[in-house]
Each structure stands twice: as structure tokens, then as C-alpha cells.
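The values are calculated or read from the model by the stated rules, or taken from the named source; none is laboratory data. The structure displayed is predicted, hence computed values, not measured ones. Don't worry about glycine lacking a Cβ; one is built from the backbone with ideal geometry, like all the others, and counts go over all protein chains shown.
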Amino acid sequence: MKLSGAVLAFGAVSIFAIQDAITRHLGPLYSPFFIAMVRFWAFGLFVIILAARAPGGFRAGAVTRHPVLQIWRSFLLVAQILVSIVSFALVGLAQSQAIFMAAPLVVALLSVPLLGERVGWRRWLAIIVGLFGVLIVIDPLGEQFSLVTLVPVGCCFTFALYSLYTRLAGRYDAPEVSLFYTGVVGMVLTSLIGPFFWEDVPLADWGWLVALCFTGISGHYLLIRALAVTEAVTVQTITYMQLVYGSLFGVLVFKEQLTVHMIAGGLTVVGAGVFTIWREHALKKREGASSTEASLAGR
């Protein structure tokens, strides 16, 4: 069971990496509002079909005890996707992914003031080391530094906030409810803005947009299957393969350059992040709590 879950998670991460590469290709060509709208049209349809086929139908998926919380966390994901599109286009795939990998560390950091969770000295040390790794990636004293480099930092913090509020929503609603609101609210929000940025798209680029939607849906499907058969901590650890994929696609496809700072900083962030994830998992097992991370269901 664990092996099949790991394989499913690896498949999901691989597909998401392709999705990011497609986004990197389309980002400089079209408005992020337009790209996000097309993505959420497909993802919204996907979650609606899932809800219709689930026991209890739409009512089971749409009924929530905290609608404002569900709408807020869905808004955060829309914002994160918009910023990630800009980040890939302006900063590049490899450097953006290196900074994105700090998200679990930011989650641990913000869980103290926002959720009232306690973080021990080991995880505090990992957070400090990981954030230092982000500074290494950004290289603020280097000649190539610009304020644009801070865009993926904003994306990382936005996703961390989304993950935290998804964790909070998980205290009241089933994961299926959060997934439903993620897709439907995202579809509604982007449809309010995206049409104003509609562009004439060549047939070839419509093919890329369709591929973008397909990778999003298939990646989420594999991720849901993986979380159903293996522990979330295993899935989260495998997601760090995104950095490897991002670097490969960035260098081989988009001719980006890897610097010593990016490699050293990225490895530092990954090491600190993996330690934080497994340390949290060990503490939850010791306390007899579930280690399920609902944030993974709404990448």
C-alpha cells in the first residue's frame, strides 16, 4: 500500500512539474488572469463532477459550517496561482521553485500566531536554517538581485497562508468540502476578472492551455489517490522532487542558469523542510493525532 501511494505521489509531482513548465511557457504570452481563469474552469468542472458522483451528492460537498473561511482560503489559492504565473515568467522556473520549497517552513512559522500551535526548538532551528537558505537563493547582495526576485517569496507566503487556513477548515469540514470550495470559488472568482483579459489565442496555444488543464486535473486525481493509501508525510516529502524537475525544465527547456547560490540555498531549504515535516509527523504520532495534511489536496 505504501509503495503504491509513493508511486502515485511521484506521478502527481511529475505531472505538476509539467504543468509548471507549461505555465512558464504561457506566462510571458498571456495575462495571468486569463491563464488562471482557464485553469479554474477545468478544475471547477472536475470538483463538481466529483461532488456529483460522491455519496450525498452536491449537498455533501457544498455544506460547510464556515463558508467565510472556505471562501477566504479559496481566494488565497487563486492569489497564489496568479502570483506563481508572474513568478515563473519574471524570475524563472528554477529559482522560483527553490523559494517555493520553503512553504512548509513558513507554515510552521505562521502556525504559532494563527493557529496557536506550539513549535519546539528543533523546528525553530530548522525554520531559521531554511529561511537562511531562501536568503542564499535570493542573494540580496549579488549583482543580479532585483525586487522582482521577491515575487516568489510572496507566492510562498500566500501558499503557506492557504495551507494554514485549509488546515483550520479541516477541523470543521471534510476534505471533500474544502476541495469543492477550492474549485468552485476559484472558478467564480477568476470568471469575474478573467474575461476582461480575454485574448485571441492561436490554435497551438489552445493546445497548451488544454494540456495545462489536463495536467492540473490528472495531477490532483493522483494526489487524492496517493493521500488515500499512504501517509501525508510521505507525499509531502516526495513533493520536494518539484525542485529537481523545476531545475531540469528551467535549464534544459527555458535555458535558465543555475547559480551556486540557487543550488546551495535550495538544498538548505529542502533539508530544513524535510526535517520540519518529519518532526511534526513524529510529534503527532506521539500524541496519537492524525498526520493528514489537507493542504496537499488543494495545490
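Taking region 202-227 as the range and being in contact (Cβ under 8 Å) with a residue 12 or more places away in the chain and of a type in the set (A, V, I, L, M) as the test, the residues that pass are LEU209, ALA211, LEU212, ILE217, LEU222, LEU223, ILE224, ALA226, LEU227. One residue stands out in region 110-153 among those that are without any contact (Cβ under 8 Å) to a residue 40 or more places away in the chain, of a type outside the set (A, V, I, L, M) and part of a helix (DSSP H, G or I): the one that is farthest from ASP20 (Cα to Cα), namely TRP121.
Check whether at least one residue in region 2-18 is more than 16 Å from the chain's Cα centre (by Cα) and closer than 30 Å to THR149 by Cα, and report yes or no. Don't jump to the end; show me each part of the working.
Going through region 2-18, the residues more than 16 Å from the chain's Cα centre (by Cα) turn out to be 2-8.
Next cut, closer than 30 Å to THR149 by Cα only: none.
The answer is no, given that none of the residues of region 2-18 is more than 16 Å from the chain's Cα centre (by Cα) and closer than 30 Å to THR149 by Cα.
Evaluate region 24-35: report whether one residue or more is under 16 Å from LEU243 (Cα atoms), crowded, with 20+ Cβ neighbours inside 10 Å and either in contact with a helix residue (DSSP H, G or I) (Cβ under 6 Å, 6 or more places away or on another chain) or of a type in the set (Lys, Arg) (or both). Give the steps one after another, and end with the answer.
Within region 24-35, the subset under 16 Å from LEU243 (Cα atoms) is 24.
Applying the additional criterion that residues be crowded, with 20+ Cβ neighbours inside 10 Å yields 24.
Right, trim to either in contact with a helix residue (DSSP H, G or I) (Cβ under 6 Å, 6 or more places away or on another chain) or of a type in the set (Lys, Arg) (or both) and you get 24.
Within region 24-35, one or more residues are under 16 Å from LEU243 (Cα atoms), crowded, with 20+ Cβ neighbours inside 10 Å and either in contact with a helix residue (DSSP H, G or I) (Cβ under 6 Å, 6 or more places away or on another chain) or of a type in the set (Lys, Arg) (or both).
Consider region 240-283 and keep the residues that are of a type in the set (Ser, Thr, Tyr) and within 20 Å of the chain's Cα centre (by Cα). The one that is farthest from ILE99 (Cα to Cα) is THR276. Screening ALA102 with (1) more than 14 Å from ARG167 (Cβ to Cβ); (2) without any contact (Cβ under 8 Å) to a residue 60 or more places away in the chain gives one miss only, at (2). Might you check whether a residue that is out of contact with any strand residue (DSSP E or B) (no Cβ under 9 Å at 6 or more places or on another chain), farther than 24 Å from GLN97 by Cα, at pLDDT 95 or above and part of a helix (DSSP H, G or I) occurs anywhere in region 18-41? Yes, that holds for at least one residue. Against the test of being at pLDDT below 95 and assigned to a helix (DSSP H, G or I), the options VAL78, VAL68, VAL107, VAL83 yield a single qualifying residue, VAL107. Starting from residues that are over 14 Å from the mean Cα position of the chain (by Cα) and small (Gly, Ala, Ser), keep the ones in region 202-239 and report whichever is farthest from ALA282 (Cα to Cα). Within region 202-239, the match that is farthest from ALA282 (Cα to Cα) is ALA204.
Would you call ALA12 farther than 24 Å from ALA160 by Cα and not in a loop (DSSP other than H, G, I, E, B)? Lay out the reasoning, then the answer.
Working: farther than 24 Å from ALA160 by Cα: no; not in a loop (DSSP other than H, G, I, E, B): yes.
So ALA12 does not fit the description; no.
Is it the case that region 182-205 has a residue that's under 20 Å from MET241 (Cα atoms), surrounded by 23 or more Cβ atoms within 10 Å (Cβ to Cβ) and of a type in the set (Gly, Ala, Ser)? No, there is no match, as no residue in region 182-205 is under 20 Å from MET241 (Cα atoms), surrounded by 23 or more Cβ atoms within 10 Å (Cβ to Cβ) and of a type in the set (Gly, Ala, Ser).
Whether a residue is loosely packed, with under 15 Cβ neighbours inside 10 Å and of a type outside the set (A, V, I, L, M) was assessed, and GLN236 does not pass this test.
Taken over region 41-91, residues that are farther than 19 Å from ASP20 by Cα and β-branched (Val, Ile, Thr) amount to 7.
Mind checking whether some residue in region 71-84 is exposed (fewer than 13 other Cβ atoms within 10 Å of the Cβ) and either more than 23 Å from LEU147 (Cα to Cα) or over 21 Å from the mean Cα position of the chain (by Cα) (or both)?
no
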